[in-house]
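Worksheet for the structure shown next.
Read-outs throughout are calculated quantities, based only on the coordinates presented, and are distinct from any laboratory measurement. Treat the numbers as computed from the prediction; the structure is a model and nothing was measured. Neighbour counts are summed over all protein chains in view; Cβ atoms, including those assigned to glycine, are modelled from backbone coordinates with ideal geometry.
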Amino acid sequence: MTDRSFIDRLWKELPGLVEAGVVDAETADRIRLHYGEGARSGHASLMLAFSVLGALLIGGGVILLIAHNWDELPRYVRAAISFAPLLLSQALVLSVIGSEGRRGSASWREGAGISWHLGVAASIALISQTYNLGGTVQDFLLVWAFLSLPIAYLADSVGGALLSLLVAASWRMEAFSGDAQFHWQLWLLAGATIPFAIRQFRKNPSGPGFALVSWGYLFVIGAWSLPLLAAAGRFYPFLLFSIAAALYLAGRLFVPAEGTHRLRSPLAPVAGGVLLLMLLILSYSTLWDKLDMPHLARRGGLEAVLALALAALSWLFCLYRAWRTGDRESLLLGSAPLAIGAATALIWLDPGGEASAVVVNLFGLGVGVAMVVTGSREGRFRKVNGGMFLVGALAFLRFVDSSQGILPRAVALILIGVAFLLVNRRLARRVGRTP
Amino acid sequence: MRPFPRRTMLFIAVAVCLAQAVAIGTSVFTYEEVLSKGTRHLFKAAPVDPYDAFRGRYVALSQESLRFSVSKEEMESFKRGDEVWAQIVTEADGYSRFTGVSHASTGHSEVRTRVAWANPENDFESSQEVGPKKPATLRFYVQIEPPFPRFYMNEAKAPKAEKAYRKFAGVSAHVAVRVKDGRGVIEDLIVDGKPIDEWLDDAAKE
């Protein structure tokens, strides 16, 4: 049984150790969890839970009472009450920052950061309601995003950073009016969170902090790139593939995979999944046929050009790094933009998109087969299954693709099937087994 | 990167908290000033009841005269979502309406809003004569978003307000607004000469 005085001393020492950088906040939490659950009395935990529950219930009831009488309250009282969520959440954050113990606790920091974020939103919403303000959801999101920019840093809250990124991404999607504009606000909002993300990466590149912030950035990148279709036109597939390939390669190059849960490092799995999904989608010639000429001179054109340049450079940099480190597995899917670039160039020669679709199908087939072959050699069944899924999906899509003639499809499927059987026979001979 | 010392963080946090409170407080002060010193306008309105996920139940309002005929060059200078100024004129019957739209403030009675769309349209001459229609005239229009699109009500009252309004067809409704320096704040929604709450209570008795 652990000495109680030791635990009490440890509880007092931990915040100072965190502040001095001897242990990080996550390690301190794990130490607390290790000793707290076993050593502390069950009564103390129960009392804490009951007090929190009681406070929440009373608070909820008070809010409902205010809501019931909201119409009866004079406008200046309603305006004053509208500040309450903001002020209460600010008080909570200040108490966390001011207390060594709470500042060292991730639970307190995250709770304070997230409640501050939501407190800002609640106050803005209540003021809008009190004064019957018009405005769009887009206006509301932008004000919320800018007012809550410093929260992640001050509260040292990953949840606060994630919320900031999600609000920025939502704003971009709301602000999209069918004609892409250059939204400098999105660049500013997303860019302001980068130092926080870098700090999380340095703390633990495969930890939950960086993983959650990565998810936020994936949403931002998705929201940023989707509206560029109108301006980018035929370059749009190359843009999307460059972004996804750059993220995929960066995830594999810079985020350690050993010992991490799949969900903790979303960059490579999500970006890789997007690449495979887009390969399947762009295997249809009808989609290539629908891509218009790029309208780089119209609104959003500048951003599309910048996006293309940034995406291509990022992808090339990551591809070079992967090649230098000899990571062949990454090069396989990471070179997808090359195939898409070739397919894009072919549109000008064959506007119907047939040639472009053939290139995509051949590339997808090549990736699938390579995954099966290398997965078999390495004994990695997940990789084998992934490769077989890709090949199978492509084959199925071509089987049901009514935009192509039946005879060409039949011939192609038969030829590919024969090729598979021949390869299988050769592999079987190599390992000395009879098929 | 080591975090800042506790005192520095606290100082910065207090500064940010004050900045947030001042930003929101300034907006409250501005709206109160508009309500106390702004010019009163009455706009005809027709309420409909939707739901705003962020800000609760409200009555959607639509004002008249939101569409303006402009020249082709003017139409091409406006894009959907552009922030513009809509000029206001009070008519002899006491109601106000929008008379024009501009990119910059004109210094007259006006309110800020956004462009809903800017398109050319064919105007066919209306005629009861039998036979081929006369050639259409191509006109150019700009339409603005309603500057006063919503009036927040108690969640239980908003659908009742809409229901009652539909039931008593032909009843007149207008929104009382105070306007100052391009900002407009709704004072009240007036239905059949009475504030909406009072009208709703009377309608419930009938």
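Taking the number of Cβ atoms within 10 Å of each Cβ as an exposure proxy, the fewest-first ranking of A:TRP11, A:TRP116 is A:TRP11, A:TRP116. Positive contributions from Lys and Arg (+1) and negative ones from Asp and Glu (-1), summed over other residues with Cβ under 13 Å from the Cβ of A:LEU249, come out at +2. Within the listed set A:GLY392, A:GLY54, A:GLY273, the residue fluctuating most in the Gaussian network model of chain A (springs between alpha-carbon atoms under 10 angstrom) is A:GLY54. Remark: the A:ALA55-A:LEU316 segment gains 88.5 nm on full extension, using 0.36 nm per residue and subtracting the alpha carbon distance. Report summary: the helix-based calculation at 222 nm, which adds -39500 (n - 2.57) for every DSSP H run with n ≥ 4 and divides by the residues of chain A, gives -25500 deg cm²/dmol. Between A:ARG425 and A:ARG9, the simple spin-label model (points 7 angstrom out along Cα→Cβ) gives 7.8 nm. Between B:ALA21 and A:VAL305, the C-beta separation translates, for a Förster distance of 41 Å, into a calculated FRET efficiency of about 0.50.
Taking A:PRO294, A:PRO337, A:PRO237 in turn, the Gaussian network model of chain A (Cα-Cα springs below 10 Å) assigns the largest fluctuation to A:PRO294.
Sorted fewest first by neighbouring Cβ atoms within 10 angstrom, A:CYS318, B:CYS17 come out as B:CYS17, A:CYS318. Modelled spin-label separation between B:SER71 and B:LYS205, with each label point placed 7 Å from Cα along the Cα-to-Cβ direction: 5.8 nm.
Fewest-first ordering of B:TYR95, B:TYR31 by other beta carbons within 10 Å of each residue's beta carbon gives B:TYR95, B:TYR31. Classify chain A as rounded, prolate or oblate from the Cα gyration tensor: take a ≥ b ≥ c as the square roots of its eigenvalues, call it rounded if a/c is under 1.5, otherwise prolate when a/b beats b/c and oblate if not. The shape class here is oblate.
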